[in-house]
Amino acid sequence: MSTAKSTCVVGVQWGDEGKGKIVDILSQKADVVVRFQGGGNAGHTVVVKGEKFVLHLLPSGILHKSTCVVANGVVVDLIQLLDEMAELEKRGVKFGKNFLLSDRAHVVMPYHKFLDKHFEAGKGKIGTTQRGIGPCYADKAARKGVRVADLYNEAVLKDRVFAITDEKNKILAALYGAPPLDPQRIVDEYRGYAAKLKPFVGDAVDFVNTAIDKGKRVLFEGAQGSLLDIDFGTYPFVTSSNSDACGISAGTGVPPKKIGPILGVAKAYCTRVGEGPFPTELKDGLGEKLREVGGEYGATTGRPRRCGWFDGVTSLHAVQINGIESVAITKLDVLSGLDEIRFATHYKIDGKKVEVMPSETDVLARAEPVYKSFKGWTEDLSKIRRYQDLPKAAKIYLNFVERYLKVKVSMISVGKDREKTILR
Ligand code: IMP
C-alpha cells in the first residue's frame, strides 16, 4: 500500500469562510474530491472567469476533471441534487464517471424538511437553513433513516417509508396540526429520483480508499465550519454533523492514518448566520459596512450574515481539534479602507482572563473579547498576486495571525475570482 495521504479543507469559523473557492483552486490538482458531511445546507460559491457557480451538494471539484464523491456522511436531498446537476449540465458540466454517490448516504425525506420548518417556527430556534438536515441525521442515529441503497429495493423502501411516515404523520398532526403525508406517493416519487441517479450510485468507501492506496490525490471538502460541529461547536447552535476533520473518517470510511494534512480556511474577519453566541460580533455600523463590502449574505438562504472581528480564541480551538497546519485567509481585500483592524486574543468572562474556548454556550455568550489593535491600510488588494507586494500593515496583521495560531498562512484570497489569490 502506498503511504500517500490526502488533503483536507475545513472551515475555522462558523462556515462561509470561502472554502468553495479554495477547494476549487486545489481541485485543479486533485484526482478525487470528497464531501463527507452536511448536505444541501452548504452553499459553496465559486467564480470562474467572472461566472458564478453556487454548489450545495456537489463538491466544488465538479468544475474540474476530478472525480467527485458524495460520501456516506452526507445527507442527500435527491431533488436538490438532481436540480443542481441539471443546472450545471446547462452550463456545460458533464456527468458520468466523474460523479459517485455513496450507496450508504442517508436521504433527506419530505418529512425531514417539514419537521425542520416546524421546529424552527417554535421557541428555541437554531436558525437552521430548513433543509431537513437535523431531522435526517436524527433519524439516522435513531436507525429510522432511508439510505441511498434502500431506494433500489422496492419492498425494503416501502416497509421503511410506510412505518416512518406513519410515525411522522402523528407528530405533524399532534404538534403542528399539519396534514398527513402519503407514503405511497413518497415511495413512487423517490423511486423516480433514484432511477435518474442510478448510474452514479456505488460503494464510495472502496473507491476512495483504493484511490488513496494507488497514490491518487484525494481532497476532502468540509462544509459549514468547525464552530458548527455538533460535538465541538457552540452547541446547540450548531449543525447536526461533525463539520471538521473529525468527521472525515466516519463520513467516508477512510481511516485516520490516511488523512491529512489539514488546511483551515478563515476569513480575515468573522461571520455567522443563524442564532448562537458570537463574542466578537459588531452590532454597529462597522458590522454593517463589513456585510455590505464583503457581500455577507447566505449563499443558500440569502440571510444577512452577522459580522465581527477575527476571534483568536475560537480559532485556536478549531486549529486544535482539526490539527490544522496551514490556513488560507480569505477576503483580506474587504478590510481595505478601515483605520483600525482588531483581533481578539482572549476573553474576559465574569472578570477572569480566559484563553481557551469554553464548552458551555451560555458562558461563551458572556465573553467580552479583549482585542489587539492593528493599523489598517487603504490600498486596493485585488490586483496583488505576490505576498511581498501586500501593504506593510496587511503583512503585520497576517504575521500576527500566523504567530498567534502557530500555523502558516499559505494562501490569501483578495477577491472572488480564482485568480485573485496569493500563494506562498
Ligand atoms: P442546519 O445545518 O440547516 O441544521 O443549520 C444549523 C446551523 O448551522 C444554523 O445556524 C445555520 O445557519 C448553520 N449553517 C448550516 N449550514 C451552513 C453553511 O453552509 N454556512 C454557514 N452556516 C451554516
Taking a label point 7 Å from the Cα of residue 154 along the Cα→Cβ vector, which residues of segment 184-215 have an amide N closer than 13 Å to it?
187-189, 191-192
List 197, 63, ordered by accessible area with a 1.4 Å probe, largest first:
63, 197
Okay, helix-only estimate at 222 nm for the chain: each DSSP H run of n ≥ 4 adds -39500 (n - 2.57), divide by all residues, round to 500 deg cm²/dmol; what do you get?
-10000 deg cm²/dmol
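Rounded, prolate or oblate for segment 194-264? Axes are the square roots of the Cα gyration tensor eigenvalues, ordered a ≥ b ≥ c, and the cut-off for rounded is a/c under 1.5. Don't skip to the end; give the middle numbers.
Details: a/c = 2.66, a/b = 1.38, b/c = 1.93.
In terms of gyration-tensor shape, oblate.
Please state, rounded to one decimal and in Å, the Kirkwood hydrodynamic radius that the chain gives when every pair of distinct Cα atoms enters the mean of 1/r.
Numbers: mean 1/r = 0.0452 Å⁻¹.
About 22.1 Å for the chain.
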Highest-MSF residue in the chain out of 343, 237, 119 [GNM, Cα springs under 10 Å]
119
If one builds a Gaussian network model of the chain from Cα atoms under 10 Å apart, the most fluctuating residue listed among 175, 338, 219 is 175
Between segment 80-110 and segment 341-367, the Cα center-to-center distance that results, in Å:
42 Å
For segment 37-60, list residues with backbone N below 14 Å from a point placed 7 Å from the Cα of residue 250 toward its Cβ?
37-38
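For segment 214-319, give the magnitude of the charge dipole about the Cα centre (Cβ charges: +1 Lys/Arg, -1 Asp/Glu; no others), in debye to the nearest 20.
Details: 13 positive and 11 negative charges, 114 e Å.
Once rounded to the nearest 20, the dipole reads 540 debye.
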Between segment 272-299 and segment 193-239, what is the separation of their alpha carbon centroids in Å?
28 Å
Of 335, 309, 285, whose Cα points farthest to the positive end of the dipole of the chain (charges on the beta-carbon: +1 Lys, Arg; -1 Asp, Glu; origin at the Cα centre)?
335
Taking a straight Cα-to-Cα line shorter than 18 Å from residue 383, and setting aside same-chain lysines fewer than 8 residues away, one finds 21, 49, 331, 392, 395, 416, 420
Run down the aspartates and glutamates and flag those whose C-alpha is under 16 Å from the C-alpha of residue 283, throwing out any fewer than 8 positions away in its chain.
275, 292, 296, 311, 368
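Considering only DSSP states other than H, G, I, E and B, which trypsin sites (Lys or Arg not before Pro) in segment 328-408 qualify as loop sites with at most 16 other Cβ atoms within 10 Å? Don't skip to the answer; put the middle values down first.
On the way: sites: 331, 342, 348, 352, 353, 366, 372, 375, 383, 385, 386, 392, 395, 403, 406, 408; in loops: 331, 366, 383, 385, 386, 406.
Those satisfying the criteria are 366, 383, 385, 386, 406.
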Pull up the cross-link candidates among the lysines for residue 196, meaning alpha carbon to alpha carbon under 18 Å and not fewer than 8 places away within one chain.
90, 94, 97
Compare the Cα positions of 249, 260, 232 along the charge dipole of segment 200-289 (+1 at Cβ of Lys, Arg; -1 at Cβ of Asp, Glu; about the Cα centre) and return the one farthest towards the positive end.
260
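The values are calculated or read from the model by the stated rules, or taken from the named source; none is laboratory data. Quick caveat: nothing in here was measured; it's all calculated off a predicted structure. Glycine gets a Cβ as well: all are built from the backbone with ideal geometry, and neighbour counts include every protein chain shown. SASA here: full protein model, heavy atoms, side chains in, ligands and nucleic acids out. Shrake-Rupley method; radii C 1.70, N 1.55, O 1.52, S 1.80 Å.
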